[in-house]
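Report on the structure given below.
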Amino acid sequence: MSDLSVLYDAPGPRAKRRNWLYTVLFVAVVVLAAWWVLGIMADKDQLAGNKWSPFVTDGRVWTTYLLPGLLNTLKAAALSIVIALPVGALFGIARLSDHRWISMPAGAVVEFFRAIPVLLLMLFSHEAYAQLTTIEPEIRPLYAVVTGLVLYNASVIAEIVRAGILSLPHGQTDAAKAIGMRKGQTMSYVLLPQAVTAMLPALVSQLVVIVKDTALGGALLGFGELLGQIREITANYGANTIAAFTVVALIFILLNFLLTSFASWLEGRIRRGKKSTGAVVAGTPGDTVTGGLAGTGGPTGGDGDANAG
């Protein structure tokens, strides 16, 4: 019997034929929809070679528009990530504090900014910088985009961190208390290192969201990020809107693919490192406790009587 058969009933001959029919119908619908869309694009002259050729034959479209826009996107995303990650981790840990005067204000801040759309945060930040600061109008959109992304995504990252820590078995905390670890030591050396692996997929998804949300600044604040360059390209290269959107979409796909690939490599490296090493906490001279806290299966190295001497 197949291992998958315990999860669902294996389809019989009629079910297999029905599944094949559904697959053929779905593919046919997709092909017809693609043919219809391409037909409309051809009627609007969006498939003509002169609409697409500038991205291959004219380097100025890259050096003047696309590459500077990509640089601004990376700059805003990098600044937001560098600030949001530690701020979010700090608020996530603060929400787990036993002191209500720490956990309650942290929870209020997180819930407040998590409930506000990031676009509204960007617009409010832009107006606040315009009214309350002397930041130059040319760089004000960058400040507003980064501020909005940090406020929103730090609150989301705080929840990811809190959920990742709470997902660990309570025995990890109990074992740390049993050997005399303080709360700060338990969080730093026991809980956070193990929670990182559990949090990493959700964190990577949020980082991808940060990269994509930089486009909101270009749409409404005039920030010169990648998507915002489409207006300039179409104004100078014959209204090739579809071609410009396609190229920009491919750049975003490649950028996010590189980010997720790096995160997958990092996650695998962390998992391999945890399998090959264990935590060692030094106690009094002649007494060493190993394993257990790093999820390696519990204390090792002999029984209690062997260390009692």
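Laboratory data are not the source of any read-out in this text; all were calculated from the coordinates shown. Just so you know, these numbers come straight off a predicted model, no measurement behind them. A quick note on method: Cβ atoms are made from the backbone with ideal geometry, for glycine too, and the neighbour counts reach across all protein chains shown.
Brief remarks follow.
- Linear extension gain, L258 paired with A130, 0.36 nm per residue minus alpha-carbon span: 42.5 nm
- Gain upon complete extension [V37, A235; 0.36 nm per residue less C-alpha separation]: 68.9 nm
- Value of [θ]222 nm, deg cm²/dmol, for the chain, DSSP H segments ≥ 4, -39500 (n - 2.57) each, nearest 500: -23500 deg cm²/dmol
- Using the empirical formula 2.2 N^0.38 Å as the baseline, the Cα radius of gyration of segment 146-255 reaches a ratio of 1.63.
- Debye, to nearest 20: dipole size of the chain, +1 on Lys, Arg Cβ, -1 on Asp, Glu Cβ: 540
- Rel. contact order, % - alpha carbon contacts under 8 angstrom, at least six apart, segment 55-277: 26
- Rg ratio (alpha-carbon, reference 2.2 N^0.38 Å) - the chain: 1.38
- Simple Cβ-charge dipole of segment 150-246, Lys/Arg +1 and Asp/Glu -1, about Cα centre, in debye nearest 20: 360
- Cut-off 13 Å between beta-carbons: net charge of the residues surrounding I93, Lys and Arg +1, Asp and Glu -1: +1
- Span from the segment 193-271 Cα centroid across to the segment 35-78 one, whole angstrom: 16
- Legend: helices of the chain (whole DSSP H runs) are marked when their alpha-carbon atoms reach 30 angstrom or more along the helix axis and their mean Kyte-Doolittle hydropathy is at least -1.0; marked are 13-43, 67-95, 140-166, 192-220, 241-276.
- Shape call, segment 26-87: gyration tensor on alpha carbons, a/c limit 1.5: oblate
- Neighbour net charge for V211 - beta-carbon separation under 12 angstrom, K R +1, D E -1: 0
- Listed residue (A235, T64, L32) projecting farthest to the positive dipole end of the chain, Cβ model: L32
- Evaluated at q = 0.09, 0.16, 0.18 Å⁻¹: base-10 log I(q)/I(0), Debye formula over Cα of segment 1-148: -0.74, -0.97, -1.08
- Taking only alpha carbon atoms, segment 86-207 gives an Rg to Rh ratio of 1.10, where Rh is the Kirkwood radius.
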